[in-house]
Amino acid sequence: MIRTTQSCWFLLVVAISALSCKKEDSFDADIIIYGGTSAAITAAVQATKSGKSVIVVSPDKHLGGLSSGGLGFTDTGDKSVIGGLARDFYHRVYLHYEDSTAWRWQQHAEYGNKGQGTPAMDGAARTMWIFEPHVAEKVFEDYVKEYGIDVRRDEWLDRESGVAMEGTRIMSITMLSGNTYTGKVFIDATYEGDLMAAAGVSYHVGREANSLYGEKWNGVQTGVLHHGHWFKSDISPYRVPGDSTSGLLYGVSAEHPGEYGAGDHRVQAYCFRMCLSNHPDNRVAFPKPDHYNPDHYELLVRVFASGWRETFQKFDPIPNRKTDTNNHGPFSTDFIGMNYDYPEASYERRREIIKEHADYQKGLMYFLANDPQVPAEVRDEMAQWGLAKDEFTDNGNWPHQLYIREARRMVGQYVMTEYDTFSEREVAEPVGMGSYTLDSHNVQRYVKPDGYVQNEGDIGVHPKQPYRISYGSLVPKQDECTNLLVPVCLSSSHIAFGSIRMEPVFMILGQSAALAASLAIDNGTDVQGVAYAALEKELLAAGQVLAVPSK
């Protein structure tokens, strides 16, 4: 009996010792950046160049967000307004592909040099806008090494109680690991805006009513059919065609879509930007995913039956016989209507949503490649493609980043709206420029009054010219938080964000946020109190473009 008691005491001592060894550490820096996106890295590089200590606290293990997560067919818009570190990123990509050893699966001369509205490789400007995922990730990792940036990976903010504030200032943020990061200024560079929300900053999820900001292209857009991502033929949404009592096909909502122009809680669709290969030695057959159900793709079968044959139109070419494959058509890789709860969801629920998206999209590719209901010519062409064997090698060749096109959007000191993107009002205190189409993907799939299926929410409206993005859209209202900048989930309406949300712009705004943070520290001011004349001088010195260049 005595020996048993001694054993218990020994085990208790060991357990206490083990717990004491699991230390919860505290780290300090001038600037704490939460996130691992492209904006996070450009912000960290600029903070270091400005002489500030910085820590990147990243939930992600891979750096670069979508830029290294499959989106290699860059949404450039007008490349003349992409400056600073963003342009340097694309210059480094150019240098990579100037090396003949970069062309492993095809000769450089075989590559078509097709970009999105611009040549992929611009020799005069020494930039390349189209690239493979692993190349982008290497560029971001090179930045980290060159500038000695302290990156803490797989660190997840305690969203319930991990933000310590004194008045309107964030003092520190604590992770689920127990680690605490103390700083003078914080930057939320996540796609979700988790730090912003946890700090009590106002934000919006979903689409605002057009009436809120006097816009035209916000809110529910029933009957507005842009791009080609809508049903051009009358297709029944019911399991038994024409029989409403038979139930709806998978992916079709039974809800009323809402009144035209009204606000709602819905979020534009997400997808994975797959990197595919048609090189026989560098492709992996599409796997049959968990929970595969061919019935989920019955609506696509009916689209094929209507004569639609555009499956491969967004297999956009990137170097080495690979693609950046994006959504195209009425039924494609966008998992429409299945992400509404993602922006505010718990980490556990978000992981479930990401898995659901992966299962849907993997299932779609398996279905296209194998199901006899798919037209033979489509299956035959799909047989030439597979996942790129040399990409995402630690994740089964599947992208590690879901395309979070939109989540929370801050309601800050200044709200960017379509009027700003159309250059219909003067934008004060610019910190960068945007130029891409006001682009929203579909938000819902519903049944029209005539009993046929239709998608809603896909908008594509071109701005007249490149437009300025206000510093006020990066900062919260002063009575909410005075030492936080938000360059990704910035203050913008849904439709304006549809243009701003491009990766080059996020890089631009990340750098600008770091310059503003440095000035706030140097001058002992709130981020709202940064003198714009001083900031403008720093922005221009860093190569940022703040006005449309003269031709």
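The values are calculated or read from the model by the stated rules, or taken from the named source; none is laboratory data. What you see is a predicted model; the values in this text were computed from it and never measured. Counting neighbours? That spans all protein chains shown, and the Cβs are built from the backbone with ideal geometry, glycine included. When the accessible area is computed, the model is the full protein with side chains, heavy atoms only, and any ligands, DNA or RNA have been set aside. Shrake-Rupley method; radii C 1.70, N 1.55, O 1.52, S 1.80 Å.
Which of the residue pairs LYS355/LYS448; LYS362/LYS389; LYS322/LYS362 have a Cα-Cα distance greater than 21 Å in the structure shown?
Values: LYS355/LYS448 30 Å; LYS362/LYS389 15 Å; LYS322/LYS362 17 Å.
Beyond 21 Å between Cα atoms: LYS355/LYS448.
Can you give me the % of accessible surface on the stretch 419-529 that is carbon or sulfur? Probe 1.4 Å, all protein chains present, nothing else counted. Kindly include the intermediate steps, with their values, before the conclusion.
Numbers: 1180 of 2740 Å².
Solvent-exposed carbon and sulfur of the stretch 419-529 make up 43 percent of the total.
Summarising the amide proton neighbourhood of HIS204: residues at separation of 5 or more, or on other chains, whose placed amide H is nearer than 5 Å comprise ARG409, MET410, VAL411.
Averaged per residue, the stretch 280-415 has 39 square angstrom of accessible surface, using a 1.4 angstrom probe with ligands and nucleic acids left out.
Compute the length gained on full extension between TYR147 and TYR260: take 0.36 nm times their separation in residues and subtract their Cα-Cα distance, giving the result in nm to one decimal. Could the numbers behind the result be given before it?
Working: separation 113, 0.36 × 113 = 40.68 nm, distance 5.02 nm.
Computed gain between TYR147 and TYR260 is 35.7 nm.
Label-to-label distance, SER346 versus GLU110, with points set 7 angstrom from Cα along the beta-carbon direction: 5.0 nm.
Hey, what did the chain get for relative contact order, percent, Cα under 8 Å, at least 6 apart? Don't skip to the answer; put the middle values down first.
On the way: 1214 pairs, mean separation 120.0, N = 551.
Relative contact order for the chain comes out at 22 percent.
Close amide H partners of LYS389, meaning residues 5 or more places away or on another chain with modelled amide H under 5 Å apart, are ARG283, VAL284.
The 3J(HN,Hα) values that the Karplus relation (6.51, -1.76, 1.60; θ = phi - 60°) gives for the stretch 144-159 are, in residue order, 4, 5, 4, 9, x, 7, 7, 10, 10, 8, 6, 10, 10, 4, 6, 6 Hz. Gly and Pro appear as x.
Among beta bridges identified by DSSP and lying wholly in the chain, the antiparallel ones come to about 65 percent. Working note: Debye formula, equal point scatterers on the alpha-carbon atoms of the chain, no solvent; log10 I(q)/I(0) at q = 0.09 Å⁻¹ is -0.68.
Over the stretch 387-544, what portion of Cα pair distances is larger than 21 Å, expressed as a whole percent? Write out the running numbers ahead of the final one.
Values: 6612 of 12403 pairs.
In whole percent, the share of Cα-Cα pairs in the stretch 387-544 beyond 21 Å is 53.
Farthest toward the positive end of the dipole of the stretch 301-439, out of VAL303, GLY396, TYR342, is the Cα of GLY396, where the dipole comes from beta carbon charges about the Cα centre.
Take every Cα pair under 8 Å in the stretch 412-551 that's 6+ residues apart, average their separations, divide by the length, and report that relative contact order as a whole percent.
31 percent
A 1.4 Å probe run over the stretch 430-483, with the rest of the protein chains in place, finds 28 Å² accessible per residue.
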